[in-house]
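Trainee: My structure is below; once you've seen it, I'll send some questions.
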Amino acid sequence: MRLPYDDVHLIADPLYGYLRITLSRAGEIAEPDVIDNPWVQRLKRIHQLQSSWWVFPTAEHSRFAHSLGTMHLAGELARQVYPTLAEVESETPSLPLVEETLRTAGLLHDLGHGPFSHFFDEEYLLPVFGLDHEQISQRLIVAELGALLAELRRSPSGPFAPGEAVDPWHVAFLVRAEEAATARRPGPAAPDAGGADPIPRWVRLLHRALSGAVTVDNLDYVRRDARMCGVGLGPIDVDRLVYYTFCTAEGLTFHKRALSSLRAFLNARFYMYENVYFHRVGHAIDLHLREIFRPTLELILPASPLEDLGAYRRLTEWSLFTTVEAWLDEPLHSPRRELAEEWQSIIHRHVKYSMVYEHHVERQQPLPAARDLTREEFHDAIVRRLPDHLGALEFVVDIASQDPRPLNPFVGPKRLPVYDPATGRIEEQLLGGILEFVPAKAHLYRVFAVGREHERELALAARAALEEVEPQRLTNL
């Protein structure tokens, strides 16, 4: 007798209780074969929180754990929206194939991350190679895992219809679901379809699952990061958000009854940015790390990840720490020895900078034609306000900015359509109503110094500088 337990396995998870994954039958490829791939297992050696794990002692979770959670939520979403997806698009394949396509996109969406995740993008990948982790993820999905994905024949809901298979290009598109992303960006070129769109409409209708202000990605990481950091959030009703999501001709759409949960989630995500992702000690670590990160990576990873995938696969936070620790054996005053000593300071939390000033500004409405203040402008304005004898004082500034809501939730790829059953139409004013309770943008202006000897002078100069350079925006100084 064949039992269902022979086909689906359970993985314990602190958020969802249990995650379901398909099990391999004899001679068959199933989800464990993808999960156990070295590229996916590599994510176990990259922290989910780039610097915050130095601040919150229990935040030791990895990109791998988050990816499994995102895979689970993607499957839940697929099962919820499938009936309306099939109604909108008659050529939609079977539920198991749609579910597995979304699940693998959730599992692999962070595949291209390097050590320190987004910090690695900003400080090395983008300025040196013009790449980001999503472009690398797309290449890996198609070129490294494509053959494996194409052999999948089941989802936790059951087998695909005869002749169906997961298309790696569809998965890659969902990972970076901008319009025609795979054709436009560096990385794998889209297959030649004789001028036809290589991405079918049913895949495009699902693009908001992993792209936008509310996705299976951030629905997982906001709650997972809060749980692992020990930070208390208000209620985030993910089950309600998923239940009240369905498919229209515009793609994934929220029902009006999801609005209260949507607002709660946007505010919870904002809370996490203020209190975890933008934590003052975490940003002090980032400032110190910024001084040594690029010189270090130029030695460890001189070639583009897309040109040397083997070297990139071996590069994780674990390997980086091991490498720079070995540099402590280099001769005194050698470049590698000096970098290693700075790394040891950061690893052991002997951070160079201390925060001496902070000011938080929230804007409830976007300012028309407003340009955000740059770090250089803020720094120079402070220098002009310092007493003459402190003109050479060593300090750095940081401006941490967050858009708690989409820049324009009514148009573009991050549009959030909301359906009103009373009119039978998507009504923009419904979304506008809840966004009144979510800031349009928030800035944390900070000043960090080496030592606190001149903390008062720096704080007064920073306050005066903000009043000087953008008085029209500072309504609560």
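Derivation of every value follows stated rules applied to the coordinates shown; laboratory data play no part. These numbers were taken from a predicted model, which means no experiment stands behind them. Cβ sites come from the backbone with ideal geometry, for glycine too, and all protein chains shown count toward neighbours.
Trainee: Going by amide H atoms built from the backbone, whose H comes under 5 Å of the H on residue 356, apart from near neighbours?
Mentor: 447, 448, 449
Trainee: Under 8 Å for C-alpha pairs, at least 6 residues apart: give me the relative contact order for the range 304-357, rounded to a whole percent.
Mentor: Working: 22 pairs, mean separation 10.7, N = 54.
Across the range 304-357, relative contact order equals 20 percent.
Trainee: Could you check the simple spin-label distance between residue 250 and residue 354, using points 7 Å along Cα→Cβ, in nm with one decimal?
Mentor: About 5.2 nm, to one decimal.
Trainee: Let me check against my output: what whole-number percent is the relative contact order of the range 28-279, with C-alpha pairs under 8 Å and at least 6 apart?
Mentor: Details: 383 pairs, mean separation 54.6, N = 252.
RCO, the range 28-279: 22 percent.
Trainee: Exposed loop trypsin sites (Lys or Arg not before Pro) only (DSSP loop, at most 13 other Cβ atoms within 10 Å): please give the longest stretch of the chain free of them, not including the sites.
Mentor: Longest site-free region, per DSSP loop and neighbour criteria: 26-348.
Trainee: Continuing with this model, one more query. Excluding the sites themselves, what is the longest stretch of the chain that contains no chymotrypsin sites (Phe, Trp or Tyr not before Pro) in a DSSP loop with at most 15 other C-beta atoms within 10 Å?
Mentor: 1-409
Trainee: Using a 7 Å offset from the Cα along the Cα-to-Cβ direction at both residue 422 and residue 325, what is the distance between the two label points in nm, to one decimal?
Mentor: 6.3
Trainee: Hey, got a sec? Which GluC sites (Glu not before Pro) in the range 46-92 land in a DSSP loop and have at most 12 other Cβ atoms within 10 Å? Provide the component values of the computation, followed by the final result.
Mentor: Working: sites: 60, 76, 87, 89, 91; in loops: 60, 89, 91.
Here the sparse-neighbourhood loop sites are 60, 91.
Trainee: Let me ask something else about it. Which value in nm describes the separation of the simple spin-label points at residue 307 and residue 389, placed 7 Å from the Cα toward the beta carbon?
Mentor: Those two pseudo-labels are separated by 5.3 nm.
Trainee: To continue, here is another question. Can you compute the charge dipole magnitude of the range 28-279 about its Cα centre, using +1 on each Lys and Arg Cβ and -1 on each Asp and Glu Cβ, nothing else charged? Give it in debye, rounded to the nearest 20.
Mentor: In total the dipole reaches around 640 debye.
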